[in-house]
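Visitor: Before I ask anything, here is the structure I am working with.
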Amino acid sequence: MSNKALLIIDMLNDFIESTGALPCGEDARKMVPYIKKLAKSIRDEKGTVIWLCDVHKPGDREFEMFADHCVEGTHGAEIISELDVLDKDIVIEKTRFSGFYKTNLEETLERLAPSEVHVVGVCTSIGVMDTVSGLRDRDYLVYVHRHGVADFNQEAHSFSLSRIENILGAKII
């Protein structure tokens with residue numbers, strides 16, 4: 001039995017589809033097969049797959065900074081169809097950048113007690129980096145998969161990977 005957890009962050013239509021509200025571009029599309037294979041591997045090892053999904057109510061204050069996206073109940077807020085959510089997976093909705101802000105992620109991880117947490121998804125400079133920061137604050141051994149993260153800003157993506165590794169202490173693999 002594996003004691004690994006895989007966090008799949010914001011693989012939602014508004015971020016991954018080219019017609020989405022905040023598309024992360026071709027790099028995000030290219031990583032879908034990698035994430036699918038990684039999720040299968042974690043499940044095959046009896047690990048846990050956790051989906052962190054951005055969701056907002058209409059008029060959310062975040063829309064003052066970013067286009068309206070991932071609005072509750074819309075196609076944009078749904079996990080992309082190429083990725084399979086299984087019944088044994090855990091889905092956690094989040095309303096801010098960090099997967100820990102006003103969610104049950106902390107309690108979920110405490111219950112699972114993973115020896116390591118693997119992270120993939122978008123946006124590297126937002127949801128990924130802020131969630132990794134929360135994981136490292138809680139002393140989890142974290143692996144961020146270079147081929148499984150993307151951002152709509154390549155410069156921010158590169159900076160974030162450097163910060164995740166050199167400041168937060170997560171491993172980039």
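Visitor: Which one is surrounded by the fewest Cβ atoms within 10 Å (Cβ to Cβ), of the residues in region 145-171 that are within 19 Å of Lys4 (Cα to Cα) and in contact with a His (Cβ under 8 Å, 6 or more places away or on another chain)?
Guide: Filtering region 145-171 down to residues within 19 Å of Lys4 (Cα to Cα) leaves 145-149, 169-171.
Still in the running and in contact with a His (Cβ under 8 Å, 6 or more places away or on another chain): 145, 149.
On the way: His145: 18, Val149: 30.
Filtering region 145-171 for residues that are within 19 Å of Lys4 (Cα to Cα) and in contact with a His (Cβ under 8 Å, 6 or more places away or on another chain), the one surrounded by the fewest Cβ atoms within 10 Å (Cβ to Cβ) comes out as His145.
Visitor: Quick check: anything in region 79-102 of a type in the set (Phe, Trp, Tyr), out of contact with any Pro (no Cβ under 7 Å at 6 or more places or on another chain) and under 16 Å from Met31 (Cβ atoms)? Spell out the reasoning first.
Guide: Quick first cut of region 79-102, residues of a type in the set (Phe, Trp, Tyr) only: 97, 100-101.
Remaining after also requiring out of contact with any Pro (no Cβ under 7 Å at 6 or more places or on another chain): 97, 100-101.
Subset that is under 16 Å from Met31 (Cβ atoms): none.
The answer is no, given that none of the residues of region 79-102 is of a type in the set (Phe, Trp, Tyr), out of contact with any Pro (no Cβ under 7 Å at 6 or more places or on another chain) and under 16 Å from Met31 (Cβ atoms).
Visitor: Next up: In region 46-97, which residue that is part of a loop (DSSP other than H, G, I, E, B) and among the aliphatic types (A, V, I, L, M) is surrounded by the fewest Cβ atoms within 10 Å (Cβ to Cβ)?
Guide: The qualifying residue surrounded by the fewest Cβ atoms within 10 Å (Cβ to Cβ) is Met65.
Visitor: Ok, one more. For Asp14, work out the one condition from (1) in a strand (DSSP E or B); (2) buried (at least 21 other Cβ atoms within 10 Å of the Cβ); (3) among the acidic types (Asp, Glu) it doesn't fulfil.
Guide: The single condition Asp14 does not satisfy is (1).
Visitor: From Val117, Val122, grab the single residue that is touching a Leu at 6+ places or on another chain (Cβ under 6 Å) and surrounded by 17 or more Cβ atoms within 10 Å (Cβ to Cβ).
Guide: Step by step, each of Val117, Val122 is checked, and only Val117 is touching a Leu at 6+ places or on another chain (Cβ under 6 Å) and surrounded by 17 or more Cβ atoms within 10 Å (Cβ to Cβ).
Visitor: Can you name the number of the only condition in (1) exposed (fewer than 13 other Cβ atoms within 10 Å of the Cβ); (2) over 16 Å from the mean Cα position of the chain (by Cα); (3) in a helix (DSSP H, G or I) that Lys37 fails?
Guide: (2)
Quick note: the coordinates plus some simple rules give every number you see, no bench work behind them. In this text the structure is predicted, and so the values were computed from the model without any measurement. Cβ coordinates were reconstructed from backbone atoms using ideal geometry, including for glycine residues, and neighbour counts include every protein chain displayed.
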